[in-house]
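Below: one structure, written as structure tokens.
Nothing in this text is a laboratory measurement; each read-out follows from the coordinates by a stated rule. Worth saying up front: this structure is predicted, and the values here are computed from it rather than measured. Ideal geometry is used to build each Cβ from the backbone, glycine not excepted, and the neighbour counts take in all protein chains shown.
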């Protein structure tokens, strides 16, 4: 199994999602990620559903080791500083000012180790009028303009997973990788900063580009209309998704598939511009056709005619598909702290090598003895 970051040591003081996600991205590439947690409960996401091993915590903390330290002073701070001296990367996602209170601010740590790459993740940035605002996923999505592209105007509700949290973690890991590469020639570390607000504004680049170039403010149906994407309910209640894009052949083949060879002569189907302008009419015409047959039958027909489509799967359905099983999408650690642990592997492969094993997320302080020694570990456990 390829581990391009095998010689990289990361100290992660991340909590919830953004910091842990960045750490997981590096751990998946082979870095030794050591999660430094509070002795009095650790990462708050551990206890999100009771206990200290919630599914929320498990999602972003595989392939890591855990130690407990109170870095505010005493032997714990001394032990932490020794680890900083030989580390390559430090990650935190505290609100501005918290790192100073915990004595893990960039100035102090980079004085100990000038080669250290320090990743600081915030909600709105380290400076500016919003620097002290609390920010969670929905706040960042809304502030960046992204959330309005997801919400149904007729029934405004937050939908979907914690995109802003995870995407910010991805950008953070990208920054760390760039700084690691630069260090090979400069020998110096970097302070890498990313905020959830900036990350989501950049992720929302298409929306801003349409505004800058065409004075167009996009809405939740702008992209589906232009890309000619649809979801239909089939007989039996299962859903199927189509992404028809621009090539005329896809529409010509769809007309054959649905048994409506003259469909493209209708005004709303006559051209790409017509289909975009009449998106709702097109969907209304096709919906009862798809409702008349089971999804499996539609998939067979559309696949034969090379119409871009997919069943709208649930997670249990995805992992049972032949393609997911062929790619080894699911990894398992049969000996996790709470029994079998399963997850979805990193999507990356190197020279044809993809991840074939995983280590379950650690329990709190699982590696104290291994990394801190018995005396320090006992001190941390007693606090």
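Counting neighbouring beta carbons within 10 Å and listing from fewest to most, the residues 110, 272 come out as 272, 110. The label-point distance for residue 313 and residue 9, in a model that sets each label 7 Å from Cα toward Cβ, rounds to 4.1 nm. Extension gain, residue 47-residue 256: 0.36 nm per intervening residue step, less the Cα-Cα distance, totals 69.9 nm. A protection proxy built from the mean count of other Cβ atoms within 10 Å ranks the segments 150-156, 215-221, most packed first, as 215-221, 150-156. Centre-to-centre, using Cα atoms only, the range 152-182 and the range 254-322 are separated by 31 Å.
Which residues in the range 105-132 place their backbone N less than 20 Å from a point set 7 Å from the Cα of residue 182 along the Cα-to-Cβ direction? From the range 105-132, the list is 105-122, 125-127.
Let's test the formula: R0 of 22 Å, r as the Cβ-Cβ distance of residue 344 and residue 170. What FRET efficiency results, to the nearest 0.05? All intermediate terms of the calculation are to be shown ahead of the outcome.
Values: r = 15 Å, r/R0 = 0.68.
Step by step, r from the Cβ atoms, then E = 0.90.
The ranking of 105, 262 by Cβ neighbour count inside 10 Å, starting from the fewest, reads 262, 105.
Using a Gaussian network model of the chain in which every pair of alpha carbons under 10 angstrom is joined by a spring, one finds that among 308, 316, 347 the greatest mean-square fluctuation is at 316.
With a simple spin-label model that places each label point 7 Å from the Cα along the Cα-to-Cβ direction, the separation between residue 221 and residue 321 comes to 2.7 nm.
Between residue 231 and residue 297, residue separation times 0.36 nm minus the direct Cα-Cα distance comes to 22.2 nm. DSSP finds beta bridges in the chain, and of those with both partners inside it, around 40 percent are antiparallel.
In this simple spin-label model, placing a label point 7 Å from the Cα along the Cα-to-Cβ direction at both residue 246 and residue 276 gives a separation of 1.0 nm.
Quote to one decimal, in nm, the extra length available between residue 209 and residue 329 on full extension: 0.36 nm per residue of separation minus the C-alpha distance between them. Intermediate values should be presented prior to the final figure.
Details: separation 120, 0.36 × 120 = 43.20 nm, distance 3.45 nm.
Extra length available between residue 209 and residue 329 comes to 39.7 nm.
When you restrict to C-alpha pairs under 8 Å that are six or more residues apart and normalise by the size of the range 4-124, the relative contact order lands at 28 percent.
What ranking of 165, 32 emerges when the number of other C-beta atoms within 10 Å of each C-beta is taken as an exposure proxy, fewest first? Don't skip to the end; give the middle numbers.
Numbers: 165 26, 32 20.
Ranking 165, 32 by Cβ neighbours within 10 Å, fewest first, gives 32, 165.
Calculated FRET efficiency, residue 115 and residue 136, Cβ-Cβ r, R0 41 Å, to nearest 0.05?
According to the calculation, E is roughly 0.80.
Between the beta carbons of residue 369 and residue 100, assuming R0 = 35 Å, the FRET efficiency works out to 0.70 to the nearest 0.05.
Relative contact order, percent, of the chain when contacts are C-alpha pairs under 8 Å separated by at least 6 residues?
Details: 641 pairs, mean separation 70.6, N = 383.
So the answer I get is 18 percent.
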